[in-house]
Each structure stands twice: as structure tokens, then as C-alpha cells.
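These notes concern the structure reproduced below.
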Amino acid sequence: MKLVELISAVQTSKDTLDRSRAFAEACGKGEYDQVTTSQDVPGFVSNALLMPFINEAIMCLEKGVATRDDIDKTFRLGMAHPMGPLQLGEYSIGLDTCLSIQQTLYMGTSDSKYRPSVLLERMVDAQWLGRKSGKGFYEYDDN
């Protein structure tokens, strides 16, 4: 991971945040390691933005708006993302983790934009978690 997201709570002093940033930067392994900060809110900035993106892609698939391949291809080729949202959710994160984060965001904010997709819930119920289980939106063969 090339990023450290520092979260400051209401009681975090500027000195503590500065020392934490210096420590995180000192742990870096290369010129591309970066440190960002955000407030202590549900999902911080990373998950508060990423999870609705992945969840919305799942809802588009669920509603038949586009196929799995077209959704992911649109973001790889049209938006210059290294992988599409469906592949990202199950390959790098795991659908069970996506669901857990989405539920935490929804409960922590009561904002309907964080309501998990029914398809995401069903896939996790079926243990179709993506790469970690071998099946999700894609199939994985670790052999």
C-alpha cells in the first residue's frame, strides 16, 4: 500500500498529528509513499468515497444497466482506472469486507447512499467473496 491515511480525532493535537505524519513518512519505502489526513468520520475519506462507488457498480449490474465486463471496462478504459469497480471490490478487498464497510457507513451515517446492494448481500450470503473464495463476479483459480 502506497498510502497512509491519518485520522485525527477531536482531541488530537497538531503536534501528535505532525509526529504521526513524520513517523508514517519515515516508514515509507519509496518516493511514491504518501500520507493523507482526514477527520474521524465513518469510513474516513477513503471508504466514504470508494464503497459507494463499488456498491453503485453492483447495483448497476443488479438492475441490468450493463454487464460485468462493460462496467469494469468502462472504468479501465474510459476513466483510466487500473481495474473496474467490480473487480476491485472482490480482488483487492473482498466482497465480505465491502459489505461490512458499507453496513458500517450506513449505520454510522443513516445516509441511504450507503445502503448495501441486495446483490452484494446475497453474494456474501452465498460465500461468493471474490478472489479469497475463488468465486464472485469473476472466477479465480489459484492453482
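Scanning segment 103-114 for residues that are surrounded by 15 or more Cβ atoms within 10 Å (Cβ to Cβ) and either in contact (Cβ under 8 Å) with a residue 24 or more places away in the chain or touching a helix residue (DSSP H, G or I) at 6+ places or on another chain (Cβ under 6 Å) (or both) returns Thr104, Leu105, Tyr106, Tyr114.
Against the conditions (1) out of contact with any Ser or Thr (no Cβ under 9 Å at 6 or more places or on another chain); (2) not in a helix (DSSP H, G or I), Thr104 satisfies every one except (2). Against the numbered list (1) touching a helix residue (DSSP H, G or I) at 6+ places or on another chain (Cβ under 8 Å); (2) at pLDDT below 95; (3) of a type in the set (Asp, Glu), Glu31 comes up short only at (1). Going through (1) surrounded by 16 or more Cβ atoms within 10 Å (Cβ to Cβ); (2) more than 17 Å from the chain's Cα centre (by Cα) one by one, Gln39 falls short only on (1).
The values are calculated or read from the model by the stated rules, or taken from the named source; none is laboratory data. Owing to the predicted nature of the structure, the values given are computational and were not obtained by experimental measurement. Virtual Cβ from ideal backbone geometry, glycine too; neighbours counted across all protein chains shown.
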